[in-house]
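See below for the structure under consideration.
Read the figures in this text as sums done on the coordinates, not as results from a lab. All values derive from a computational prediction rather than experimental measurement. With ideal geometry, Cβ positions are generated from the backbone for all residues, glycine too; neighbour counts draw on all protein chains shown.
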Amino acid sequence: MREIYYSWALREAMAEEMERDPNVFVLGEDIAEYGGAFKVTQGLVEKFGRARVRNTPISENTICGVGVGAAIVGMRPIVDIMFQDFITLAMDQIVNHAAKFHYMYGGQCRVPVVFRTPAGGGRCYGPTHSQSLEAWFMHVPGLKVVAPATAYDAKGLLKSAIRDDNPVIFVESKLLYGIKGQVPEPDADGGDYTVPIGEAKVTREGEHLTIIAYSRMTGEAERAADALAQNGITCDVVDLRTLAPLDADTIAASVEKTGRALIVCEDCKTAGVSAEIMARVTEECFDFLQAPPRRVAAADTPVPCADTLEKAALPDAQNIIDAATALIQQYS
Amino acid sequence: MHPASSSPDSATLSPQELSIHLRTMLLIRRFEERLDELFASGVIKGTSHLYAGQEAVATGVCSLLSHDDYITSTHRGHGHFLAKGGSAPALMAELFGKATGPSKGRGGSQHVADYAVGFLGSNGITAGGLPIATGAALAVQMRQQRETGNGKRETGNTNPRLPTSIPQQTACVASFFGEGGANQGTFHESLNMAAVWKLPILFICENNLYAMSTRLDEASSGPTIAARAAGYGIQGAVVDGTDFFAVRAAVEKAVERARCGDGPTLLEMHTYRYYGHSKSDKREYRTRAEEDDWRTRDCIEKLCAAIGLEAADFEAMDAEVMREVDEAVAFAQSSAEPEVEDWESVIYA
């Protein structure tokens, strides 16, 4: 199987779905000839033209609303929000419109729109270009929230998101764009695969601890698990892949097996994704727990710009190793 | 400001058509009057924003649209719903919180839609419908370009109310909002985007002078809302929104521009809501004299006079409309309460 970049996998997913369905189109800032801030849409305009790969004015709220308006009358727009931080400008159209229409109009319409948006730090972009705000969208009924960790899942989940009849917040990671992963050739057997929304995946299996992560933190968790295995601590790593609807069954099955849970997220700890996972683990797996669940998450601070400060604010494999070791030692 | 003069197009509308439009306006009026009573007596819970006084705008605009055309509405959307062809009993049922409402009781007054007639929804967020309408217009344009390569399409005019003078080549979209909504960022973003892309859309600003309690001149800069059109390089006009024929004349041109691929139009309809902003509003921010003055320019009375309707004919029509409202209330009252649903099964499509 060939290896391609996470960003290429996303581009392939869009190109294949645009080939497959004339109602699919992409709109956003600087996505045509420029190819998007992270070059994810590069080459699409040459193939599909400027009507379907549509540069927009800098108007995030209306870009998202246009996506919703086109979706309810039969199109399948993919809205490109250049940085997840900018999605704050579009909260009204996403929260009050995209998320509500199907329910509040009595099921008369469907809202098949995807909001693609890169989250996370690690590139020294500073406080307004590095946030991980996905927890906000988990809180809104009606939205699906997807956050792939690998090139394979990025492609398969984006194809599922485009085909889904609901609004999907598709969380990408700036640092993962340049990471390669195995993805089948499109014309190979199984090349037209999709990855279902709503299913987590166990990527490492072990006995002592469940590490739950998503997006870029999955790789950090796997590195930590591999290192911990050298010291005799074996871990399940659960890659959530979808944050809403959450695959609570896969989480519970793993935590019930290992009896311990460590939740790793790149967003801020307070009221973050990890808080919800922790609550679910506590509610649903309490009788199986041999130790209190623990969290490794970003510091409750704006993401700083300077490399040293940013590294200190965001979690990494070493933080996970330290937290896991402490947890095992304390409750063995 | 120079409101467009009234130019009765009774030449292009048959007596039957005129009667249909007058009846629609009267239905909206009587529907809203009944609602006011039902809210005051506590029969209906929640809140509502009554459209009475503004009927010529919704009716005039929708009289030039077919079910293939889309509209988006506001928090004050009952009039738009009825004018676009939505069912009065269904709307009443929604207001009663019944399962037979278009939104099955989930949406209520500010959140109804009827996709079968192209009514994409009333909207509880001020000016929230403008981006939605812009997106619908983009979809219309993209589909036309796909089908014909040049944006022209023969859809066939299925609406008997439409005059044949309007080329029915392409669907169009009308987005209603208030003069208060014109101060939202979505107004600027949507007009700019629609103008850049030459979308088939009408931006219908219903200027009823008050954004809740805040008077136009306290919150809006510039000579008129319509004057802002120049900033986007599109056509704009101030229209006497109490004059059904003036509304139609302005909308007819705008619809033609939209259908011919000449892009959006901004129309500012001068109008007045007879009731307060919502049911709890005592209207302390405006004078009774001002209200009386607007009542002398009542859009229904004006249309009756313009077409020379006999008092007896009006009374007969009114009695029929009142009966329709009675039936709507009876339908709503006799409809089932919505069942508490398994939330997870209805949240997603």
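Given R₀ = 60 Å, what would the calculated FRET efficiency be for A:Arg223 paired with B:Glu341, taking r from the Cβ atoms and rounding to 0.05?
0.85
Quick check: residue separation of A:Glu199 and A:Thr234 times 0.36 nm, minus the Cα distance between them. What number comes out in nm?
Separation in residues times 0.36 nm, less the Cα-Cα distance, equals 10.3 nm.
State, as an integer percentage, the relative contact order of chain B based on alpha-carbon contacts under 8 Å between residues 6 or more apart.
RCO, chain B: 24 percent.
Given 37 °C and 0.692 mPa s, how large is the Stokes-Einstein diffusion coefficient of segment A:201-330 in µm²/s, with Rh as the Kirkwood radius over Cα pairs?
228 µm²/s
Can you give the relative contact order of segment A:2-183 as a percent, counting alpha carbon pairs under 8 Å and 6+ residues apart? All intermediate terms of the calculation are to be shown ahead of the outcome.
Numbers: 380 pairs, mean separation 50.5, N = 182.
Relative contact order for segment A:2-183 comes out at 28 percent.
Give a quick list of trypsin sites (Lys or Arg not before Pro) in segment B:268-349 that DSSP marks as loop, anything other than H, G, I, E or B, with at most 14 other Cβ atoms within 10 Å.
Details: sites: B:Arg273, B:Lys279, B:Lys282, B:Arg283, B:Arg286, B:Arg288, B:Arg295, B:Arg297, B:Lys302, B:Arg323; in loops: B:Arg273, B:Lys279, B:Lys282, B:Arg283, B:Arg286, B:Arg297.
Loop-located and lightly packed - B:Lys282.
Enumerate the residues in segment A:187-229 having an amide nitrogen under 20 Å from the point lying 7 Å beyond the Cα of A:Thr282 toward its Cβ.
Label zone hits: A:210-213.
Mind listing P(r) for chain A? All alpha-carbon pairs, 10 Å bins, whole percents.
With a bin width of 10 Å, the distribution comes to 6, 27, 34, 23, 9, 1, 0.
Along Cα→Cβ, 7 Å out, is where each label goes; now give me the distance between the ones at B:Ala99 and A:Cys124 in nm to one decimal.
6.3 nm
Can you list the HN-Hα couplings for segment A:79-95, worked out from phi with the Karplus curve (6.51, -1.76, 1.60; θ = phi - 60°), rounded to whole Hz and with x for Gly and Pro?
So the J values, rounded to whole Hz, are 8, 9, 9, 3, 10, 4, 4, 6, 5, 4, 6, 10, 4, 4, 5, 7, 7.
Give the dimensionless ratio obtained when the Cα radius of gyration of segment A:2-183 is divided by 2.2 N^0.38 Å.
With N residues counted in segment A:2-183, Rg over 2.2 N^0.38 Å equals 0.94.
Which whole-number percent gives the relative contact order of chain A, counting Cα pairs below 8 Å spaced six or more residues apart?
That works out to 16 percent.
Are there trypsin sites (Lys or Arg not before Pro) in segment B:204-264 that DSSP puts in a loop and that have at most 13 other Cβ atoms within 10 Å, and which ones?
Qualifying residues, ordered by number: none.
Would you mind computing, in nm to one decimal, how far apart the modelled labels at B:Ala219 and A:Asp249 are, each placed 7 Å from Cα along Cα→Cβ?
5.0 nm
Over chain B, how many percent of alpha carbon pairs lie in each 10 Å bin up to the one with the longest distance?
6, 26, 35, 25, 8, 1
Running Debye on segment B:189-251 with equal point scatterers at the Cα sites and no solvent, what base-10 log of I(q)/I(0) appears at q = 0.12, 0.21, 0.23 Å⁻¹?
-0.36, -1.00, -1.11
Over the protein assembly as shown, what lengths in whole Å, largest first, do the semi-axes of the equivalent ellipsoid take, defined as the square roots of 5 times the eigenvalues of the alpha-carbon gyration tensor?
52, 27, 21
Add -39500 (n - 2.57) for each DSSP H run of 4 or more in chain B, then divide by its residues: what number comes out at 222 nm, to the nearest 500 deg cm²/dmol?
It comes out at -13000 deg cm²/dmol, rounded to the nearest 500.
Report, in whole Å, the centroid distance computed from the Cα atoms of segment A:72-139 and segment B:229-276.
Centre-to-centre (Cα) distance: 33 Å.
Which FRET efficiency value, to the nearest 0.05, is calculated for A:Glu207 and A:Asp300 with the Förster distance at 35 angstrom and r the Cβ-Cβ distance?
The calculated FRET efficiency here is 0.60.
Which order do A:Thr62, A:Thr88, B:Thr287 fall in if you start with the one that has the fewest other Cβ atoms within 10 Å?
Going from least to most buried by this count: B:Thr287, A:Thr88, A:Thr62.
Treat the count of other C-beta atoms within 10 Å as a stand-in for reagent exposure and order B:Ser109, A:Ser332, B:Ser220 from fewest to most.
In increasing order of surrounding Cβ atoms, one gets A:Ser332, B:Ser220, B:Ser109.
What is the calculated FRET efficiency for B:Arg146 to A:Lys39, with r their C-beta to C-beta distance and R₀ = 35 Å, to the nearest 0.05?
That pair, B:Arg146 with A:Lys39, gives E of 0.80.
Please order B:Cys62, A:Cys305 by the number of other Cβ within 10 Å, starting at the fewest. Don't skip to the answer; put the middle values down first.
Working: B:Cys62 28, A:Cys305 16.
Placing the least packed residue first, the sequence is A:Cys305, B:Cys62.
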